[in-house]
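My structure is below; once you've seen it, I'll send some questions.
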Amino acid sequence: MEKLFYNVYIWGTGKRARELNEFYAYELKYVDVAGYIDNDERNWGKEFFGKKIFSPEILRESGRKIVCVYNRFSEEIQRQ
């Protein structure tokens, strides 16, 4: 199956991220989800829907990334 989007990070590991994964499960098959981003350091290194959870610092590393924010705190996240 060919991926349409690569190096995608999904912000959050809460209720909305779970809903996104469940509701868009078919569509996400076409997305190369590199991992999830969470502000809670207790989650860093764990897995969520089979992908690693990272600190927001991962976005500062080199390389192009796409970030999907499906969260009620989207404005706050954007400022980070």
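Determine the shape class of region 1-42: with a ≥ b ≥ c the square roots of the Cα gyration tensor eigenvalues, call it rounded for a/c under 1.5, and otherwise prolate if a/b is greater than b/c, oblate otherwise.
oblate
How long are the three semi-axes of the equivalent ellipsoid of the chain, in whole Å, if each is the root of 5 times an eigenvalue of the C-alpha gyration tensor, listed from largest down?
Square roots of five times the eigenvalues give 18, 15, 13 Å.
Computed from the coordinates by the stated procedures, all read-outs in this text should not be read as laboratory data. Remember, it's a predicted structure, so these values are computed and weren't measured experimentally.
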